[in-house]
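Down below is the structure, laid out as structure tokens.
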Amino acid sequence: MNRLTPLAVLAMTTALAGAASAQDLRMTIWSANEAHLAVFNEIADSFTADRPDVSVTFESLPFASYTTTLTTQIAGGNPPDLAWILERTAADFVNSGILAPLNETFSNTEGFDYGDMIEKPTELWRRDGELYAVPFSTSPLAIFANTDLIEAAGARTPAALIEAGEWTWENAMATAAKVAEGDKDGIIVRDFNYQTWQNLAAIWRGWDASPWSADGDTCGFADPEMVAAMTFIHGAIFEDGAIPGPGESVDFFAGDAAMSITQISRASLLPKGDDAFAWDLVPLPAGPAGEYSVIGQAAIGVFQDSPNADLAVDFLAHMTNPENSAKLAQFFPPIRQSLLNADTLGATNPLLTPAMIENVVVQGIARGGVLPVHEGYSEIQQLVRAELDALWQPDADVEAVLGAVCRSIQPLL
Amino acid sequence: MTVVATRSDPPRRKRVFWTMDRRDSLVGYLFIAPQVLGICVFVLLPLALVFWYSLHEWNVLARTFRFTGTENYQRLLSDPGLVKVLGATGIFSVFLVVFNMSLALLLAVLLNQKLRGITIFRTLFFSPVVVSLVAWTIVWSFLLQNNGGLNGILQVFGIEGPNWLRNPTTAMISVVVVQVFKNVGLNMILFLAALQGVPKELYEAARVDGIPAVAQFRRITLPMISPTVLLTSIITIVGSLQVFAQIAVLTKGGPGMSTTVLVYYLYQQAFEFHKFGYGATLSILLFAIVAVLTFVQWQMRKRIVFYEQ
């Protein structure tokens, strides 16, 4: 029998009592960036302009503990009305039934233009065709390159390799290793830190490797594609020195490395003035399985138990309509067909050239697959992390470690 | 003439309810009321709730709260991860307590001297206690990186340091050392106060009798400060079982599960894996371990603690 917790009942009663008098929408986000908040508040102001009894508050939570804090709020009977949700927890949130369905409101809201949303990037946020959260940010992983460092090391730049039709992981790592022979480092998988292993998908997708089967039932770590990809990564770390080793802290944006795999929104971290360096932004190289793209996503959902759920869905429709999506596009690449072009994105991303936008963003979103996700992801993530720690040793037996990963996580799949 | 004998009752004294004793008691109860209320609301009620939650399977996202009886407790016995976790917790606690108390006592003895500027050293060793725990740990995380400050210093002397936080043994040593250096000052101050309370005459008598310094320490100092040793050992053991921030910042329980101590494990289960029922059960286990250890130490006081009459 399913029962609501006593705390939740108490909180809902209190919330219902309060709902009659005021409608205060609260949305949790993981950005505290002033520029981001300025755009959110501008969008909120346009929503509340003709609704004097409504207010919208954005609550910034630290990224590292974001989902933990959010679930603690839910457990304490004090969930927000809307929340940003990371792709890695998408399956848990969408399948739990805690989010409000959006199809009906989006289809009936004038000017929303539901059909303008590209369907593929919304797959993660649907269940049985119903949309439960809007992916407001769909950011392809790409490679930033410090061309000053690469040229100084006498290595081939990504642009030269692309020009020659030789932009492959083999050659990219050769460039990184060449730079790492000096006192700088090669290529960084940003935010990986030998903990967040799913970010390695940016590399292993080039081998057509996947941590689990498409239906999520079978472990894929021990598959030949994954073994080949991980052997390549292990060699790049411990034999070629192309990737900084475990326990080493290197910052590309401080000019300490040749390349960094990350999302385009990080362009804002590029140094200016005396610290500036010549840089390029290129798509991920091709792997043995060909060309591919990987996208990172974040979505906004509405908690259906919220006393303001209907109003919150209306606000979400307002926030992600074509006009406001264009405003958000300067930070968060949208999934609206009408906005995915060099003209629109170029106007709001002055750092990126039209070629970068077309090759990296537009093409990336169109063909990109999201980072690996699975129901019960947090627990699987920890188990894989614990087993993979044995891989990050110079003399590791790659195949044996990946076999151990599968034995560990298979019961949870 | 009839004489009617009347028995005159002694005048009935009106019984006063608010006697002096009762007034005193009321004042006493009022004084302790806030504390009792606080303990009820912030200690006993949460404790009861945690026990109640431990009898349920509580999935926060699916909003299910299902009574499962002793299922979570049975799971404790069959959880393969828990064996590793209890092992790591035991190793961490034993090394921490031994290292912390030995170092604290050594520092206290060294600093229990009348020297010019000795207060500066006492302040220096105590200062980490008042530093923010997370800030302290983050600084250490930079020092302990493979290309961090500690290995940089070792390199100056031609030593290639290990990758401190990526090897199971050195990672455990690192979290113990970081925790010891953070809190050793507190035990040091308690020992110092105890040392200064030992009567000087005892040492003078021992010197007259020709007792060597080591024997003086064993026969006079240790027995005289034994109540403080008991107090610090209880505080340190309980503290060692509750360590969390150092693990979360430095190792996240790794490599593998080598530094996943019980508190970090229950945090993962409850707040990362959303298994609040099992997390609550692990809390009860932690509570039971702390209660048993404290009870045993308290019972041992009669045998190891010397109380001056």
Only one of (1) surrounded by 20 or more Cβ atoms within 10 Å (Cβ to Cβ); (2) at pLDDT below 95; (3) among the hydrophobic types (A, V, I, L, M, F, W, C) does not apply to B:Phe244, and that is (1)
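Quick one: which residue in A:Phe63, A:Phe93 is within 24 Å of A:His374 (Cβ to Cβ) and either away from every other protein chain (no Cβ under 14 Å) or in contact with an Asp or Glu (Cβ under 6 Å, 6 or more places away or on another chain) (or both)?
On the way: A:Phe93 fails: either away from every other protein chain (no Cβ under 14 Å) or in contact with an Asp or Glu (Cβ under 6 Å, 6 or more places away or on another chain) (or both).
Step by step, each of A:Phe63, A:Phe93 is checked, and only A:Phe63 is within 24 Å of A:His374 (Cβ to Cβ) and either away from every other protein chain (no Cβ under 14 Å) or in contact with an Asp or Glu (Cβ under 6 Å, 6 or more places away or on another chain) (or both).
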Of the residues in the stretch A:216-249, those that are in a loop (DSSP other than H, G, I, E, B) and either touching a Gly at 6+ places or on another chain (Cβ under 9 Å) or more than 22 Å from A:Asp389 (Cα to Cα) (or both) come to A:Gly216, A:Asp217, A:Phe221, A:Ala222, A:Asp240, A:Gly241, A:Ala242, A:Ile243, A:Pro244, A:Gly247, A:Glu248, A:Ser249
B:Phe67 meets each of (1) touching a strand residue (DSSP E or B) at 6+ places or on another chain (Cβ under 8 Å); (2) surrounded by 16 or more Cβ atoms within 10 Å (Cβ to Cβ) with one exception, condition (2)
Per the filter on the stretch B:136-146, residues under 23 Å from A:Gln393 (Cα atoms) and surrounded by fewer than 17 Cβ atoms within 10 Å (Cβ to Cβ) are B:Phe142, B:Leu143
Residue hits (the stretch B:254-281; closer than 15 Å to B:Ala88 by Cα and part of a helix (DSSP H, G or I)) are B:Leu262, B:Val263, B:Tyr264, B:Tyr265, B:Leu266
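Considering only residues that are β-branched (Val, Ile, Thr) and more than 19 Å from the chain's Cα centre (by Cα), look in the stretch B:247-263 and name the one that is surrounded by the fewest Cβ atoms within 10 Å (Cβ to Cβ).
B:Val249
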Of the conditions (1) within 30 Å of A:Pro224 (Cα to Cα); (2) of a type in the set (Val, Ile, Thr); (3) in contact with a Ser or Thr (Cβ under 6 Å, 6 or more places away or on another chain), the single one that A:Val373 does not satisfy is (3)
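Can you pull out the helices (runs of 4 or more DSSP H) entirely within the stretch B:153-253 that have at least 3 residues that are away from every other protein chain (no Cβ under 14 Å)?
Working: elements: B:168-196, B:200-208, B:213-216, B:222-241, B:245-250.
Passing ranges, in order: B:168-196, B:200-208, B:213-216, B:222-241.
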Matching residues in the stretch A:347-400 (among the basic types (Lys, Arg) and more than 10 Å from chain B (Cβ to nearest Cβ)) number 1
* Test A:Thr109 against the criterion of being out of contact with any strand residue (DSSP E or B) (no Cβ under 8 Å at 6 or more places or on another chain) and either away from chain B (no Cβ under 14 Å) or modelled with pLDDT under 95 (or both), and give yes or no. => yes
Meets criteria (surrounded by fewer than 23 Cβ atoms within 10 Å (Cβ to Cβ), on the phi > 0 side of the Ramachandran plot and in contact (Cβ under 8 Å) with a residue 40 or more places away in the chain) for A:Asp217 = no
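The values are calculated or read from the model by the stated rules, or taken from the named source; none is laboratory data. Since this is a predicted model, take the numbers as computed values, not measurements. Here the Cβ is made from the backbone with ideal geometry for all residues, glycine too, and neighbour counts use every protein chain on show.
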